[in-house]
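Notes to accompany the following structure.
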Amino acid sequence: MATDINSIHTPAFVVNEAVALQNIAAFQAHCDQVGLALRPHIKTHKSVHFAKAQLAAGANGITCQKISEAEAMAVDGIDDILITYNILGDAKLRRLRALSERLTALAVVADNMVVINGLSRTFSGASEPLKVLVECDTGAGRCGVQSPEAAVALAEKIAVLPGLQFGGLMTYPAVGGAKNAAEFLRETKKLLDECGLACPVISSGGSPDMWSATTDGIISEYRIGTYIYNDRSLVRAGACTWDECAGHVVATVVSTPTPERAIIDAGSKVLTSDLLGFTDHGHVVGHPEIRVVGLSEEHGTLSVDPQNPLAIGQRIRIVPNHVCVVSNMFDEIWIEGSDGNLAQLSIDARGRVI
């Protein structure tokens with residue numbers, strides 16, 4: 001018997017596969033047109049199924065944030081992985097070394113000598129050196145060296161330490177900060193050239209600015225995650241439409257305590273508490289007048305119009321503010337076909353945060 005939206009347990013995360021595949025194809029075409037290699041970030045879908053779809057569309061590899069994510073992705077045909085996180089500690093470094101032996105290509109990033117020295121100790125004597133990109137803070141205020149000169153100093157250390165190979169530069173710009181990032185990276189590349197250090201990859205990224213992404217005469221690779229599903233934050237940014245939002249949280253109304261209030265079975269453990277500048281917690285599809293005004297762990301509180309009430313047992317779809325976190329809340333999601341039928345998909349890297 002076919003499974004449809006009314007027969008599944010809620011709360012649930014439902015992904016329209018046709019929309020997700022269209023999103024993959026559209027941005028791959030953009031990158032092909034402007035001359036950028038595309039390396040999607042799997043943090044949004046955490047799924048081997050969709051990682052393979054991205055690679056089949058033309059991506060040159062994938063991006064992971066943690067070793068455990070990369071371990072989950074290191075299966076048939078997924079053998080080119082960049083881990084964009086400082087990796088510390090002997091246990092993690094041993095896992096990284098083991099992972100490298102399973103892949104055709106593995107690269108990591110670093111922004112300090114403590115991390116670099118640990119990588120060198122671990123990969124000294126390896127049959128192939130580990131590629132290490134220097135992470136640069138070009139305005140987002142997270143990890144990264146603070147100046148082109150500091151980036152070059154680290155690159156020079158990487159280039160001479162045993163077991164390592166300087167792989168290039170990596171940044172995650174602030175939203176709207178692509179030009180500043182390009183200037184930082186251009187100056188760094190100039191200094192590297194003066195030192196005689198080759199810089200094979202210059203990697204940038206970000207979904208909010210994806211349609212304006214270009215090489216800027218310096219960027220060679222683009223990393224992007226949210227674009228596969230899209231979410232409310234990207235609609236606000238003008239990067240997509242509601243129809244291009246592939247991922248919906250499906251919830252059931254379980255209570256209507258007052259004419260102005262309804263309660264759904266999706267709380268912070270599903271929709272997450274990420275606001276990203278909004279004052280509420282998601283867009284209710286087909287009901288722009290409804291606001292998700294509060295979340296506790298298992299309850300979502302909706303502000304409704306008493307003239308257009310919701311009924312107990314009614315199901316609604318919500319486009320989350322930040323879809324990436326939602327994928328990590330479920331062991332399995334539902335893939336929605338063009339006929340409305342649903343099939344379950346296991347989330348391979350769900351909970352892989354170490």
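Since every read-out is calculated from the coordinates, none of them should be taken as a lab result. Remember, it's a predicted structure, so these values are computed and weren't measured experimentally. Here the Cβ positions follow ideal geometry from the backbone for every residue, glycine too, while neighbour counts run over all protein chains shown.
Odds and ends about this structure:
- Percentage relative contact order, the chain, counting C-alpha pairs under 8 Å, at least six apart: 21 percent
- Prolate/oblate/rounded call for segment 272-354, Cα gyration tensor, a/c under 1.5 rounded: oblate
- Principal semi-axes of the equivalent ellipsoid, √(5λ) from the alpha carbon gyration tensor of segment 142-243, are 31, 13, 11 Å from largest down.
- Checking the Cα-Cα distances for 157/189; 46/66; 66/92; 52/131 against a 19 Å cut-off, the pairs over it are 52/131.
- Couplings for segment 327-334, taken from phi via the Karplus curve 6.51 cos²θ - 1.76 cosθ + 1.60 with θ = phi - 60°, read 4, 6, 8, 10, 5, 9, 10, 10 Hz in order; Gly and Pro are left as x.
- Segment 238-346 - percent relative contact order, Cα under 8 Å, separation 6 or more: 29 percent
- Residue-span extension gain [residue 344 to residue 315] - 0.36 nm each, minus C-alpha spacing: 8.6 nm
- Shape of segment 17-228, Cα gyration tensor, a/c cut at 1.5: oblate
- When the chain is treated as a Gaussian network with alpha carbon springs shorter than 10 Å, the biggest mean-square fluctuation among 208, 257, 173 belongs to 257.
- Relative packing of 328-341, 26-39, 44-57, which averages over residues the other C-beta atoms within 10 Å, highest first: 44-57, 26-39, 328-341
- R0 of 35 Å, Cβ-Cβ distance residue 165-residue 4: FRET efficiency to nearest 0.05: 0.10
- Rounded FRET efficiency, nearest 0.05, which uses the C-beta distance separating residue 124 from residue 258 and R0 of 51 Å: 0.15
- GNM result for the chain, Cα springs below 10 Å: residue of 199, 245, 64 fluctuating most strongly: 199
- Put the Cα centre of segment 203-278 next to the Cα centre of segment 88-121 and the gap is 32 Å.
- Once both labels are positioned 7 Å from their Cα atoms along Cα-to-Cβ, the gap between residue 273 and residue 354 label points is 2.4 nm.
- Legend: ranking of residues 179, 131 from fewest to most surrounding C-beta atoms inside 10 Å; resulting order 179, 131.
- For segment 174-308, the relative contact order is 16 percent, taking Cα pairs closer than 8 Å that sit 6 or more residues apart in sequence and dividing their mean separation by the residue count.
- Sorting 134, 319, 114 by the number of Cβ atoms found within 10 Å of their own Cβ, with the fewest placed first, yields 114, 319, 134.
- Computed magnitude of the charge dipole of the chain (debye, nearest 20; Cβ of K, R +1, Cβ of D, E -1): 660 debye
- Inter-site label distance for residue 102 and residue 198 at 7 Å from Cα along Cβ, in nm: 2.9 nm
- Pair residue 75, residue 299: separation of 7 Å Cα→Cβ label points (nm): 3.9 nm
- Segment 1-96: C-alpha gyration tensor shape, a/c 1.5 cut-off, then a/b vs b/c: oblate
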